[in-house]
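Data block below; observations after.
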């Protein structure tokens, strides 16, 4: 954007030094003058009629009549010329020259009044002519000032006739009249120059604003397009994670079933060692997929926060039983400070946060160990995980909570996880509300992660749970539905090893055919089956056919947010592949403790159930 010319540049003298503005500014100036011209022509005609009345008796009537007719013809020609002008589309300079000609024609018409009064009037008429032309020129200032060069052409043409009449009239008033007229001419030019400069600056500011608005709109459109692209990429990422997780979970789940069945077979020492390595590899893969599932569940919005009071020590004990062996295998010290404190939060989500903290600490600690403790400050309780690991520089404390970001792992060693653990912690803390995370770390010496929660001072309810009966599955008739043959075979082998009678099917139609008139005690079905069939639809069809709401477990390896919400809307227990055998057995025992109830309608058995949703949410944890 070129800056407007300085005020002095527009008023430079003589005439040849005057320059046209650049086209866009000039076009705006032409549009202003063109817009005001029709009213100016009407005012000029009205003034001409007034001039006839003023000059009556001092100038020959026929001469004034001839001047008036000539003036009207000139105004008509100017009007017709203006009607053919299109400032918005025509070349700016061509339009400016046309306006300059129109202004000059109007100036000559008024300047000719001086010659008329000089030839056919007296001394008084010359004075009248000077006053009339000066008044008309001052009025035209508002018209022509936005285009200084055009107004200058008008003023020279108008004043020249008056100056010529004064010079030809002679007499003692010659020089005073000439000086006053020239002084008026100079002052009017200066005023016109000032107005022109202000107009050009205003136009330049308008054009600059239009340019900025255009750039802002373009930038907004680019930002909107970038936002849509980012949202699409985020959706694509979620779909990819869901699809990849599902496709990987199917064979991993089947492998877990086969490994568990193999564990119950007689093996020699070497075979047992190989089996242990295979189970360790399967467990590591399951841990990474579970992390992806936790992340997808958060994105799906199916994590339900259920705050309640709980004692901290049982949670710490469970964590030590879970991670103590892992620390021993890594030759690290795992210590827990016993505590009698209680907190008010969602115990299952707090456990998930702590598991991520501890898993992260063990992963990045090669010597020393991990200390788990609990402390109280005022009305807040903090669960702490101390480690003697590599530590985190302070400028990276915020970065480590980003998705898929891992420090000190440029080679992307999968033994160090996926870089989602702390991102999951960050989102879980936001979901729970009332909880905060605090980090303190020193490179080379270790880190401490604290999860702050509300303290609980009142009495706690008895949390003791009944111990499942190990023999409660003997003779249980289980219908297992899965479109993957390997999973069906693995499930059949495992359930039969538990003393169950197992019927397997690949779809809802196969299940109805295999059952005949028999009613299973329990249904275990995959959620996503062939030909767009879902476990929800299968349960609905079977329960309608059997006339009873048979207890059911839905197992899925799908982490798609929509599918998770859909699966969780059933009254069945939701488990996420790969399902550990202990987890599956515990779920079966739990469901068998609840007597089946008659179904009222085809859809009645599929209404959402808060308790089952809670169990499903807990079962999905690592």
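The values are calculated or read from the model by the stated rules, or taken from the named source; none is laboratory data. Since we're looking at a predicted model, the values are computed, not measured. Here the Cβ is made from the backbone with ideal geometry for all residues, glycine too, and neighbour counts use every protein chain on show.
A few notes on this one:
- Only one of the listed residues (346, 387, 398) is closer than 20 Å to residue 422 by Cβ and in contact with a strand residue (DSSP E or B) (Cβ under 6 Å, 6 or more places away or on another chain). That residue is 387.
- If the condition is being closer than 11 Å to residue 78 by Cβ and free of Cβ contacts under 8 Å to residues at least 60 places away in the same chain, then the range 91-102 contributes 98, 101.
Yes/no per residue for (1) on the phi < 0 side of the Ramachandran plot; (2) in contact with a strand residue (DSSP E or B) (Cβ under 8 Å, 6 or more places away or on another chain); (3) surrounded by fewer than 21 Cβ atoms within 10 Å (Cβ to Cβ); (4) at pLDDT 80 or above:
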site	(1), (2), (3), (4)
338	yes, no, yes, yes
351	yes, no, yes, yes
358	yes, yes, no, yes
371	yes, yes, yes, yes
377	yes, no, yes, yes
380	yes, yes, yes, yes
410	yes, no, yes, no
442	yes, no, yes, yes
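- Restricting 448, 478, 504 to those that are within 13 Å of residue 588 (Cβ to Cβ) and at pLDDT 90 or above reduces the list to 478.
- Residue ID - farthest from residue 473 (Cα to Cα), chosen from residues in the range 490-500 that are surrounded by fewer than 18 Cβ atoms within 10 Å (Cβ to Cβ) and in contact with a helix residue (DSSP H, G or I) (Cβ under 8 Å, 6 or more places away or on another chain): 493
- For residue 103, the conditions (1) in contact with a strand residue (DSSP E or B) (Cβ under 8 Å, 6 or more places away or on another chain); (2) at pLDDT 80 or above all hold with the exception of (1).
Rundown of residues vs (1) within 33 Å of the chain's Cα centre (by Cα); (2) modelled with pLDDT under 75, yes/no style:
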residue	(1), (2)
541	no, no
573	no, no
591	no, no
599	no, yes
613	yes, yes
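- Of the residues making up the range 112-124, those that are surrounded by fewer than 24 Cβ atoms within 10 Å (Cβ to Cβ) and assigned to a helix (DSSP H, G or I) number 8.
- Condition met for residue 513 (surrounded by fewer than 23 Cβ atoms within 10 Å (Cβ to Cβ) and not in a helix (DSSP H, G or I)): no
- From the options 108, 147, 143, residue that is modelled with pLDDT of 80 or more, in the same structural domain as residue 38 (by TED's automatic domain parsing), in contact with a helix residue (DSSP H, G or I) (Cβ under 6 Å, 6 or more places away or on another chain) and buried (at least 17 other Cβ atoms within 10 Å of the Cβ): 108
Listed here are the residues, each with its yes/no results for (1) at pLDDT 75 or above; (2) outside any helix (DSSP H, G or I); (3) not assigned by TED's automatic domain parsing to the domain that holds residue 577.
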{"site": "225", "(1), (2), (3)": "yes, no, yes"}
{"site": "228", "(1), (2), (3)": "yes, no, yes"}
{"site": "245", "(1), (2), (3)": "no, no, yes"}
{"site": "254", "(1), (2), (3)": "no, no, yes"}
{"site": "258", "(1), (2), (3)": "yes, no, yes"}
{"site": "267", "(1), (2), (3)": "yes, yes, yes"}
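- Selected residue (criterion: modelled with the lowest pLDDT) from residues of the range 577-589 that are in contact with a strand residue (DSSP E or B) (Cβ under 9 Å, 6 or more places away or on another chain) and in a helix (DSSP H, G or I): 583
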